[in-house]
1. On the given criteria, is D:I56 more than 14 Å from chain C (Cβ to nearest Cβ) and surrounded by 24 or more Cβ atoms within 10 Å (Cβ to Cβ)?
2. Pick from region A:82-114 the residues that are of a type in the set (G, A, S) and more than 9 Å from every other protein chain (Cβ to nearest Cβ): which of them is nearest to A:D158 (Cα to Cα)?
3. Check off (1) open to solvent by 30 Å² or more (accessible area, probe 1.4 Å); (2) modelled with pLDDT of 80 or more for A:E246 and give me the number that stays unchecked.
4. Would you be able to tell me the number of residues in region C:96-132 that are in contact with a Pro (Cβ under 8 Å, 6 or more places away or on another chain), assigned to a loop (DSSP other than H, G, I, E, B) and under 12 Å from B:V307 (Cα atoms)?
5. Only helices (runs of 4 or more DSSP H) wholly contained in region B:122-220 count here; list those with 2 or more residues that are closer than 30 Å to A:G76 by Cα.
6. Kindly list the number of the only condition in (1) more than 12 Å from every other protein chain (Cβ to nearest Cβ); (2) closer than 17 Å to C:S164 by Cα that fails for C:G243.
7. So if I check each of B:G61, B:G52, B:G109, which one is outside any helix (DSSP H, G or I) and either more than 14 Å from chain D (Cβ to nearest Cβ) or more than 30 Å from D:T106 (Cα to Cα) (or both)?
8. Could you pull out every one of the strands (runs of 3 or more DSSP E) wholly within region A:30-102 that has 3 or more residues that are open to solvent by 30 Å² or more (accessible area, probe 1.4 Å), in the same structural domain as A:R17 (by TED's automatic domain parsing) and β-branched (V, I, T)?
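The values are calculated or read from the model by the stated rules, or taken from the named source; none is laboratory data. Just so it is clear, the model here is predicted, and its values are computed rather than measured. Neighbour counts run over all protein chains shown; Cβ positions are idealised from the backbone, glycine included. The protein model used for the area step is the full one, side chains on, heavy atoms only, and it has no ligands, DNA or RNA in it. Shrake-Rupley method; radii C 1.70, N 1.55, O 1.52, S 1.80 Å.
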Amino acid sequence: MTNEEGKTAILSATDVRKWYGGFHALDGVSFTINEGEFVSIIGPNGAGKTTLINVLTGLVAPNTGTVVFKGRDISGIGPEKLSRMGMARSFQLVNVFPNFSVLEFLMVAVVSRLGKGTRLFSSLLRDKQITDGAMEVAHLFGLDAKKDMLAKNLPQGDKKMLDVASAFALHPEVILLDEPTSGVSTSDKNKIMETLVSASKQIGIKSILQVEHDMDLVFSYSDRVIALQAGKILADSTPALIEQDEEVVCTVMGKKECFKIFSSLQNKER
Amino acid sequence: MKNRQEIARLKSLKLPLVIVIGLVLLCVPLFAGQFFSYLMLTFFAYAITVIGFNLLFGYAGLLSFGHALFMAVGAYTAAFLTSTFALPYMELILVAAVIVSAILAALIGALCVRYIKIYFAMLTLAFGMLFYTFLLKFYYLTGGDEGMRVLRPYLLGIDFSGTPKMQFLAGTYYIYAFVILAILTFVMWKIVSSPFGLCLKAIRDNPEKAEYLGVSVKKYRWYAFVISAAYAAVGGALLAPAVGQVDPGLTYWTQSGTLVFMSLLGGFDYFFGPLIGGIVYILLQNSVMSLTSYWRFIFGAILVFVVIVAPGGIAGVIGSLVKRRERRD
Amino acid sequence: METILNILFSGVFHASTLFLVAAGLQVVFGVQKVFNLACGTFYGLGAYFGITVVKCLVEHNFPKALFIVPLIAAGLALGLVVGPIIERGLMKFVYDRDETFQLLLTFGLVMMLEDVIKFIWGTSPQSMGGIDMVYGQLNVLGATVPVYNLVVILCSLIIAGLISWLLMNTRFGRIIRATADKREMGEALGINMKVVYLKVFTLGTVLGTLGGALVVPAGAAVSEMGMDLIVLAFAVVVIGGLGSMKGAFVGALIVGVLKSLAISTYPEMEMLTIYIIVIAVLVIKPQGLFGGSRV
Amino acid sequence: MGKTRREFVKLVGGAAVGAGMLLAGRGKAQAQAKPAKGVPSGPVRIGAMPGLSGVIAVPGTAAWRTTQMWAEEVNAAGGILGRKVELSMEEETTAKDCVERFRKLTLETKCDVIVGLMSTGNGLAVGPLAEELGQLWLAWDATTQKGVVETMPRTKFSFRSTDNEAEAIGGAILTAKFFPNIKTVVGINNDYSYGRDCWDAYQAVLKHFNPNVKFVDALWPKLGETDFTSHIAALKKANADLIMTSFWSGDVPILMKQATAAGLFKRSKACFTTGGGAHYTLKKEFTPEGIILGYNSFYFKWTDTWPLLTKFVNAYYAKYKEYPVYETDHAYFVLQAYKEAVEKCYSILGRWPTKEEVGKVLSGIQVPSLSGFRGYREDNLMSCNFFMGLTSHKNPYDFVTINQMEVLTPVQIMKPFAGAKLYDWIKGWKS
């Protein structure tokens, strides 16, 4: 499991292809995520990012290729089993239990982590392990003051946080975040990323894989960046190198933005 | 924090209220006539059924339109044991009803829980009607349309055949049924406030998300299906000796509709909602049926009214009234 | 040969009315996602009303041979009146609710309308006498078939044709197909969904009442006819696929012919066979035979 | 709730009584509505349980109408021993609800007697209950016994109807008489106990008279079926000399019509053992002449020499624009039997009798009913004549009636006592 660089691979995709009719959402994607890495996936709309996440989390089975998590092929295994193997995800669009309070919401994840879901007759609220587990995560994400509020009544940003927090409450080894900061004001984005990083350290999450649009965030927090375009990997490298790669930046950010960045660079060089 | 205190206050109020209502129900035969006691007895049987039904409907979000099937399973178990096999021990009947219905529900449920919403409703409806035709067709076994006699069972091994029937029903049997209702209500309360109950509610609210949080959606739905079937069977087994006869009409699809009606009328979002619905339905039917031969119209109109105006049912209306009052305070 | 023909004719005759009711169920489900339990009751209403109208006209010396005209008109008119009343008066309040509530609303309707029929027409069976026999009988390869039954089959086929033309070639049909796939689609296209729902529900009601009116000259109207039919219509749509018009057509044929076949070969298994097929379809192919293709 | 309801009933009952008195007052002298000596002053409460929906709605409605007419008539004539009759109606639905309603009528409404019920299943549920509660129950149709099995041998409070199979036995006797040459028979009966028992008994009896007859097929449409085109295809396939059916409700005209439309009666004779249950719906247009039609225990036109019948049929038609069906006589008889039993008790005891006393007198009673004298046997089973004959178009109505009418007596078509074995009894007949 240890590769040549002395890192331990935890999740790897080999030549994954997924097509819907004639449309190739993923067209031969291969990469490996190692323990301890924070990897960001970038790419323009329709590049196949969400399909990739769906394949990696076992929701969608690839047409060809394999996805291996902790040494086991997980293609099409389904989210429930995967979550018990140690992989969790959050969603691009807010995905909560609308009628649950924050605490109850997190308790669902804790119950499932502790494997107590089939306890029919034990009291939920008297189980300190469960309530404490939920409170701990609520605290990490700054939701403890709102723990009795119903999810549907939370402000948009908190809903998003709650969704992410519930994934963290599973104490996964790998977590996949689908645009954790989308729909959040720019000023809050950095705060969220800080929270994510510190929470993952506290909980002991080994690797984070995120889809993100905000390039500043990508470049400042990731260890590695994978750029997708039209279902293929365009580049897979460190943020520093990607930042310089005109083709990648132009593809991901669009011509106009790209021109701004690179023209200024070129001007400087001159 | 104020919110929390209020909840605590409400909770501390709720338990004594439940106990008082329970005691009043228990004492009904002391101050009411035999017929009213008998009505309450049928209510106990239906209460057990709907409280189980609501685990599926209210908590897991699955609308079964064939749940009367399991009530009939319980009732026919009582008929078989008392009439065919001459084993009139009520405890044995209850255990057998639970086992038979659980096995049947495990099989049917394994197929049904793969679907939700309208498909689940239709599949359960189809199974209910299949059982209905089975009861009608295999008449040498089930007595067909005529059904079967249910003889008076022994309670705790004691033969009460010396007591006149109504005295038995409004006395010993009444208390017996009440105790079972109380126990099963308590057990259901434990179930819904357990981690399992939480997971069921999570499944109802958002099955996709629940799955990502490691909740085995289908398995838990299946558990809920089996539990609710067992409850219905106990309800049916308790009802049968009171009626004295079982017939296939018990499992016709409109009977399943009645169970849904009760839950909705009382408010399926609330733990005690279906119980309120059950008692109101039974008392209402009792008086409306005597008043007019067009009682179906009135019941249909009530159902339509509840669906359109008060989908939260009676408990929902009470709940919102209480909330409004608290806000004013 | 004669036997096979007899079985086929009776199966298809049964299927033709079953199709109309099931089609009404399908179009409403396809667009509004409401499983209308009251469709059987509409069928019963249509039967009773058809008798009343035709009887009244015949008493006033209306030519007997032309009774089919006022009969169809009665079925249509009743649906056109009852449909909008129920849609505007009741259904519209529950569109944004869970489909459970919609199902229960129609269950309430079944109970109410049953008593309405009893109130208006009483409990005695109503029939038009032998009026359908004015068309005589036809001998096909030794099998005697009442011509009226063929007329019903023909009417049903024409209606099926009209519906498919409506769906494929008109603006209303395109809207129905679009909204059947995605409700938001219709709203996004700037269509007044209120009007669409009104029209669709009325169409569903008309199909039911028309089915009842058409079948009744060959039999009689009895109070339990609606309850009897809803279970069969339910079987049809499950087998054919919920929401699919093609499914209603094929499903009705399957149930009709199968019923006919079971009755003449192994009568004890008649209903049992249908339920077992329904469950088998739900288990093996839950979307039904044509569930994939919408409306 | 109970109290207000009782008041409501009182109101309605009072209005009915008032109307009845007005009507009666016009004709003959008004009888004194004052209870006789030793008789309680309150009204006699009679509970009635008619089926008003589904297949039992047709006879149920007729029986309920008859009950109301009887009550009006009796009240107009001063009631029972001067006590007014007050009716409480509870609909017959499922067994579970019937048991509940029966209890209510007994314990809440405190009825002196309960009449009604039609379905055998409901009878089996209510019969033992009546014995347990000590409540007089005079059944219209719901039997607790079948010819084949006896479930309640000795009753004190349940007064039961005739055996389920009586009509089928009568039908078979007449088949042998009218159509001695038939060789093959096909049966179409509802798929429930009444249909099956009728088909079995019919076969046994016909075989007894005509050992060479073959029963080629049996069809079992479910109760409440409303389309028989498929069954008719199967009947055609069977190609038998005679079609036997025990249909009795709204399905009779449908079957008749669809069979005629398919030309079935061109080849086959038919025996509708109970088809007269909705006889006015059998229009001439689609009902052939010369098939056996049974009217159960009441034929609205059987004689002009029994004024009770003529008067009743006219009054019924005038009121409801329909002709009465067989259930009217069941309903009329049970009430009349109760009234006369009470009066008989009074003449002996000098006071209002207990339910048990009434029950004792009811055993073996004979009273004039709509279709002649009717009674209860010593085993508390109703004994009455059955009317059957060949359909005829020679009448002033738009529906068929019967000629060559046979009156089948209970001795002919009902086994002699409740415990007897039906098929042993039939085997013992002289050919």
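1. Working: more than 14 Å from chain C (Cβ to nearest Cβ): no; surrounded by 24 or more Cβ atoms within 10 Å (Cβ to Cβ): yes.
It is false that D:I56 is more than 14 Å from chain C (Cβ to nearest Cβ) and surrounded by 24 or more Cβ atoms within 10 Å (Cβ to Cβ).
2. Within region A:82-114, the subset of a type in the set (G, A, S) is A:83, A:86, A:88, A:90, A:101, A:109, A:112.
Within this subset, residues satisfying the condition of being more than 9 Å from every other protein chain (Cβ to nearest Cβ) are A:86, A:101.
Working: A:G86: 25, A:S101: 12 Å.
Taking the candidates together, the pick is A:S101.
3. (2)
4. As a first pass, look at region C:96-132 and keep what is in contact with a Pro (Cβ under 8 Å, 6 or more places away or on another chain): C:97, C:101, C:125, C:127-128, C:131-132.
Among the residues that remain, those that are also assigned to a loop (DSSP other than H, G, I, E, B) are: C:97, C:125, C:127-128.
The next check asks that each one be under 12 Å from B:V307 (Cα atoms); those that pass are C:97.
Of the residues in that region, 1 qualify.
5. Working: elements: B:139-142, B:165-170, B:172-192, B:195-205, B:207-212.
Those helices (runs of 4 or more DSSP H) span B:195-205, B:207-212.
6. (1)
7. Values: B:G52 fails: outside any helix (DSSP H, G or I); B:G109 fails: outside any helix (DSSP H, G or I).
Residue meeting the stated conditions: B:G61.
8. Numbers: elements: A:38-42, A:64-69, A:87-90.
Filter on region A:30-102 gives A:64-69.
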